[in-house]
Amino acid sequence: MASDSQERITSITHSDVEDAYARWAPVYDFVFALVMKPGRKAAAAAINALGGKVIDVGVGTGLELPMFNRNVRLTGIDLSDPMLEIARKRVAEQKLDNVEALLVMDAMNLTFEDGVFDAAVVPFVLTTVPDPVRTLDEIARVVRPGGEIVLVNHIGAEKGIVAAAENWLGKHGPSLGWRPEFPWSIVGDWIAARPDIKLLERRTLSPFGLFTIVRLARN
Ligand SMILES: C[S@@+](CC[C@H](N)C(=O)[O-])C[C@H]1O[C@@H](n2cnc3c(N)ncnc32)[C@H](O)[C@@H]1O
(Lines give C-alpha, C1' and ligand atoms only; values in the text may rest on other atoms or scores of the structure.)
Protein backbone atom coordinates (compact mmCIF):
# COMPACT_ATOMS: atom_id res chain seq x y z
CA MET A 1 0.00 0.00 0.00
CA ALA A 2 1.34 3.46 -0.89
CA SER A 3 2.49 5.55 2.08
CA ASP A 4 1.62 9.28 2.34
CA SER A 5 5.25 10.14 1.47
CA GLN A 6 5.16 7.91 -1.56
CA GLU A 7 2.08 9.71 -2.88
CA ARG A 8 4.10 12.95 -2.93
CA ILE A 9 6.87 11.72 -5.24
CA THR A 10 6.82 11.90 -9.03
CA SER A 11 4.95 9.04 -10.65
CA ILE A 12 7.14 6.70 -12.73
CA THR A 13 5.59 3.84 -14.70
CA HIS A 14 7.08 0.53 -15.83
CA SER A 15 7.26 1.79 -19.41
CA ASP A 16 9.02 4.98 -18.22
CA VAL A 17 11.67 2.73 -16.60
CA GLU A 18 12.00 0.53 -19.68
CA ASP A 19 12.30 3.53 -22.03
CA ALA A 20 14.69 5.47 -19.78
CA TYR A 21 17.07 2.53 -19.23
CA ALA A 22 16.98 1.48 -22.90
CA ARG A 23 18.33 5.01 -23.54
CA TRP A 24 20.83 4.91 -20.63
CA ALA A 25 22.17 1.38 -21.31
CA PRO A 26 24.79 2.25 -23.99
CA VAL A 27 26.31 5.08 -21.90
CA TYR A 28 25.39 3.99 -18.35
CA ASP A 29 28.81 2.66 -17.31
CA PHE A 30 30.60 5.71 -18.73
CA VAL A 31 28.32 8.15 -16.87
CA PHE A 32 27.66 6.31 -13.58
CA ALA A 33 30.56 3.90 -12.91
CA LEU A 34 32.73 6.31 -10.89
CA VAL A 35 30.29 8.57 -9.06
CA MET A 36 28.34 5.66 -7.61
CA LYS A 37 31.35 3.39 -6.99
CA PRO A 38 31.65 4.13 -3.23
CA GLY A 39 27.98 3.15 -2.80
CA ARG A 40 28.43 -0.11 -4.69
CA LYS A 41 31.61 -0.91 -2.73
CA ALA A 42 29.87 -0.25 0.60
CA ALA A 43 26.92 -2.44 -0.40
CA ALA A 44 29.23 -5.24 -1.59
CA ALA A 45 31.27 -5.06 1.64
CA ALA A 46 28.10 -5.45 3.71
CA ILE A 47 27.01 -8.45 1.62
CA ASN A 48 30.51 -10.00 1.59
CA ALA A 49 30.43 -10.03 5.39
CA LEU A 50 27.32 -12.23 5.18
CA GLY A 51 27.96 -14.54 2.20
CA GLY A 52 25.24 -16.95 1.04
CA LYS A 53 22.53 -16.75 -1.60
CA VAL A 54 21.79 -13.14 -2.51
CA ILE A 55 19.33 -11.37 -4.79
CA ASP A 56 20.65 -8.23 -6.50
CA VAL A 57 17.49 -6.24 -7.22
CA GLY A 58 17.84 -3.84 -10.18
CA VAL A 59 21.28 -5.20 -11.07
CA GLY A 60 21.36 -3.05 -14.23
CA THR A 61 24.64 -3.41 -16.16
CA GLY A 62 26.11 -5.31 -13.22
CA LEU A 63 28.76 -2.77 -12.21
CA GLU A 64 28.64 -4.11 -8.64
CA LEU A 65 28.92 -7.80 -9.61
CA PRO A 66 32.76 -8.03 -9.64
CA MET A 67 32.84 -6.48 -6.13
CA PHE A 68 31.27 -9.51 -4.42
CA ASN A 69 33.34 -12.32 -2.95
CA ARG A 70 33.10 -15.59 -4.83
CA ASN A 71 31.28 -17.22 -1.88
CA VAL A 72 28.34 -14.87 -2.52
CA ARG A 73 25.96 -16.65 -4.92
CA LEU A 74 24.07 -14.00 -6.85
CA THR A 75 20.79 -13.83 -8.71
CA GLY A 76 20.40 -10.48 -10.49
CA ILE A 77 17.03 -9.22 -11.69
CA ASP A 78 16.11 -6.12 -13.67
CA LEU A 79 13.22 -4.80 -15.73
CA SER A 80 15.54 -3.62 -18.51
CA ASP A 81 16.87 -6.23 -20.91
CA PRO A 82 19.30 -3.75 -22.60
CA MET A 83 20.88 -3.10 -19.15
CA LEU A 84 20.99 -6.86 -18.41
CA GLU A 85 22.63 -7.56 -21.77
CA ILE A 86 25.66 -5.55 -20.61
CA ALA A 87 25.64 -7.37 -17.26
CA ARG A 88 25.65 -10.72 -19.12
CA LYS A 89 28.74 -9.65 -21.13
CA ARG A 90 30.49 -8.52 -17.94
CA VAL A 91 29.79 -11.84 -16.23
CA ALA A 92 31.10 -13.81 -19.23
CA GLU A 93 34.20 -11.63 -19.75
CA GLN A 94 35.18 -11.61 -16.07
CA LYS A 95 34.18 -15.25 -15.52
CA LEU A 96 31.99 -14.36 -12.55
CA ASP A 97 30.94 -17.95 -11.86
CA ASN A 98 29.17 -16.96 -8.65
CA VAL A 99 26.50 -15.10 -10.68
CA GLU A 100 23.94 -17.87 -11.01
CA ALA A 101 21.25 -16.02 -12.98
CA LEU A 102 20.44 -12.67 -14.59
CA LEU A 103 16.71 -12.43 -15.19
CA VAL A 104 14.26 -9.93 -16.62
CA MET A 105 11.84 -9.50 -13.72
CA ASP A 106 9.79 -6.81 -12.01
CA ALA A 107 11.08 -6.01 -8.50
CA MET A 108 7.46 -5.33 -7.53
CA ASN A 109 6.39 -8.88 -8.50
CA LEU A 110 9.28 -11.21 -7.77
CA THR A 111 8.60 -14.75 -8.95
CA PHE A 112 10.58 -16.41 -6.12
CA GLU A 113 9.13 -18.33 -3.18
CA ASP A 114 9.17 -16.76 0.28
CA GLY A 115 12.48 -16.69 2.17
CA VAL A 116 14.68 -18.27 -0.50
CA PHE A 117 17.50 -15.70 -0.21
CA ASP A 118 19.90 -15.08 2.69
CA ALA A 119 20.14 -11.39 1.77
CA ALA A 120 19.15 -8.77 -0.78
CA VAL A 121 21.27 -5.97 -2.19
CA VAL A 122 19.49 -3.04 -3.81
CA PRO A 123 21.97 -0.43 -5.11
CA PHE A 124 20.49 2.77 -6.59
CA VAL A 125 17.12 1.23 -7.37
CA LEU A 126 14.45 2.31 -4.87
CA THR A 127 14.34 5.85 -6.31
CA THR A 128 13.63 4.41 -9.78
CA VAL A 129 10.94 1.77 -9.20
CA PRO A 130 7.29 2.73 -9.82
CA ASP A 131 6.24 1.67 -6.28
CA PRO A 132 9.08 1.68 -3.71
CA VAL A 133 6.91 0.40 -0.82
CA ARG A 134 5.63 -2.58 -2.77
CA THR A 135 9.21 -3.27 -3.88
CA LEU A 136 10.40 -3.25 -0.25
CA ASP A 137 7.55 -5.63 0.68
CA GLU A 138 8.55 -8.00 -2.11
CA ILE A 139 12.23 -7.91 -1.16
CA ALA A 140 11.38 -8.60 2.51
CA ARG A 141 9.20 -11.52 1.39
CA VAL A 142 11.98 -13.32 -0.50
CA VAL A 143 14.64 -12.80 2.21
CA ARG A 144 14.58 -15.41 4.97
CA PRO A 145 14.02 -14.49 8.61
CA GLY A 146 17.47 -13.73 10.01
CA GLY A 147 18.61 -12.35 6.64
CA GLU A 148 19.60 -8.80 5.68
CA ILE A 149 18.53 -6.18 3.15
CA VAL A 150 21.16 -3.67 1.99
CA LEU A 151 19.90 -0.52 0.25
CA VAL A 152 21.96 2.27 -1.31
CA ASN A 153 20.21 5.40 -2.51
CA HIS A 154 20.29 9.10 -2.88
CA ILE A 155 17.99 10.52 -0.20
CA GLY A 156 16.50 13.89 -1.11
CA ALA A 157 17.15 17.01 1.00
CA GLU A 158 14.31 17.96 3.36
CA LYS A 159 14.46 21.74 2.79
CA GLY A 160 16.44 24.62 1.32
CA ILE A 161 17.87 25.24 -2.13
CA VAL A 162 18.99 21.64 -2.66
CA ALA A 163 15.46 20.38 -1.94
CA ALA A 164 14.06 22.97 -4.37
CA ALA A 165 16.51 21.89 -7.09
CA GLU A 166 15.73 18.20 -6.49
CA ASN A 167 11.99 18.85 -6.64
CA TRP A 168 12.43 20.69 -9.93
CA LEU A 169 14.62 17.92 -11.37
CA GLY A 170 12.16 15.34 -10.02
CA LYS A 171 9.53 16.60 -12.49
CA HIS A 172 11.75 14.98 -15.15
CA GLY A 173 11.83 11.68 -13.20
CA PRO A 174 9.94 9.66 -15.82
CA SER A 175 12.48 10.51 -18.56
CA LEU A 176 15.52 10.55 -16.22
CA GLY A 177 14.63 7.14 -14.79
CA TRP A 178 14.92 8.14 -11.11
CA ARG A 179 13.58 10.60 -8.54
CA PRO A 180 16.19 12.95 -7.04
CA GLU A 181 13.60 14.15 -4.47
CA PHE A 182 13.15 10.66 -2.91
CA PRO A 183 12.46 11.29 0.81
CA TRP A 184 13.82 9.16 3.68
CA SER A 185 10.27 8.92 5.07
CA ILE A 186 9.32 6.34 2.43
CA VAL A 187 11.88 3.93 3.89
CA GLY A 188 11.43 5.17 7.47
CA ASP A 189 7.63 4.78 7.40
CA TRP A 190 7.97 1.32 5.88
CA ILE A 191 10.35 0.20 8.63
CA ALA A 192 8.00 1.64 11.27
CA ALA A 193 5.08 -0.31 9.78
CA ARG A 194 6.98 -3.61 9.72
CA PRO A 195 7.57 -5.28 13.09
CA ASP A 196 9.74 -7.88 11.31
CA ILE A 197 12.21 -5.27 10.00
CA LYS A 198 14.91 -3.61 12.14
CA LEU A 199 17.20 -0.76 11.09
CA LEU A 200 20.81 -1.86 11.65
CA GLU A 201 22.66 1.03 10.02
CA ARG A 202 22.05 4.26 8.10
CA ARG A 203 25.25 5.99 6.94
CA THR A 204 26.02 8.61 4.30
CA LEU A 205 28.74 7.89 1.77
CA SER A 206 31.11 9.80 -0.46
CA PRO A 207 31.09 11.74 -2.69
CA PHE A 208 29.80 14.62 -0.51
CA GLY A 209 27.34 12.45 1.43
CA LEU A 210 25.31 12.22 -1.77
CA PHE A 211 24.33 8.60 -1.16
CA THR A 212 23.18 6.63 1.89
CA ILE A 213 23.64 2.98 2.77
CA VAL A 214 20.88 1.39 4.84
CA ARG A 215 21.19 -2.08 6.38
CA LEU A 216 18.04 -3.80 7.55
CA ALA A 217 17.59 -7.04 9.46
CA ARG A 218 14.65 -9.26 8.51
CA ASN A 219 13.45 -10.91 11.73
C1 LIG B 1 20.20 3.44 -11.47
S2 LIG B 1 20.11 1.80 -12.07
C3 LIG B 1 21.10 0.90 -10.89
C4 LIG B 1 21.79 -0.29 -11.52
C5 LIG B 1 22.86 -0.97 -10.67
N6 LIG B 1 22.31 -1.52 -9.44
C7 LIG B 1 23.99 -0.01 -10.35
O8 LIG B 1 24.37 0.11 -9.18
O9 LIG B 1 24.52 0.57 -11.29
C10 LIG B 1 18.45 1.35 -11.63
C11 LIG B 1 18.04 0.01 -12.22
O12 LIG B 1 16.77 -0.36 -11.63
C13 LIG B 1 16.02 -1.00 -12.64
N14 LIG B 1 14.59 -0.99 -12.28
C15 LIG B 1 13.76 0.06 -12.14
N16 LIG B 1 12.50 -0.34 -11.83
C17 LIG B 1 12.56 -1.69 -11.76
C18 LIG B 1 11.58 -2.70 -11.46
N19 LIG B 1 10.31 -2.40 -11.18
N20 LIG B 1 11.99 -3.98 -11.47
C21 LIG B 1 13.27 -4.32 -11.75
N22 LIG B 1 14.24 -3.41 -12.03
C23 LIG B 1 13.88 -2.12 -12.04
C24 LIG B 1 16.33 -0.21 -13.90
O25 LIG B 1 16.01 -0.93 -15.07
C26 LIG B 1 17.83 0.04 -13.73
O27 LIG B 1 18.61 -0.95 -14.34
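Overview of results
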| quantity | calculated |
| --- | --- |
| Counted residues, segment 51-100 - those being touching an Asp or Glu at 6+ places or on another chain (Cβ under 8 Å), open to solvent by 50 Å² or more (accessible area, probe 1.4 Å) and assigned to a strand (DSSP E or B) | 2 |
| Failed condition for L103, given (1) touching a strand residue (DSSP E or B) at 6+ places or on another chain (Cβ under 6 Å); (2) open to solvent by less than 30 Å² (accessible area, probe 1.4 Å) | (2) |
| Cβ pairs under 6 Å, 6+ apart, first in segment 59-70 and among the aromatic types (F, W, Y), second outside any loop (DSSP other than H, G, I, E, B) and more than 7 Å from the ligand (Cβ to nearest atom) | F68/A44 |
| Selection from segment 28-50 of residues that are under 16 Å from F124 (Cβ atoms) and assigned to a loop (DSSP other than H, G, I, E, B) | A33, L34, V35, M36 |
| Criterion: within 18 Å of the chain's Cα centre (by Cα), more than 10 Å from the ligand (Cβ to nearest atom) and without any contact (Cβ under 8 Å) to a residue 60 or more places away in the chain - qualifying residue of K41, K37, K53 | K41 |
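The values are calculated or read from the model by the stated rules, or taken from the named source; none is laboratory data. Just so we're clear, the structure is a prediction, and the values are computed from it rather than from any experiment. Every residue, glycine as well, gets a Cβ built from its backbone with ideal geometry; the counts of neighbours run over all protein chains shown. Ligands, DNA and RNA are stripped out before the accessible areas are found, and what is left, the full protein with its side chains, is counted by its heavy atoms. Shrake-Rupley method; radii C 1.70, N 1.55, O 1.52, S 1.80 Å.
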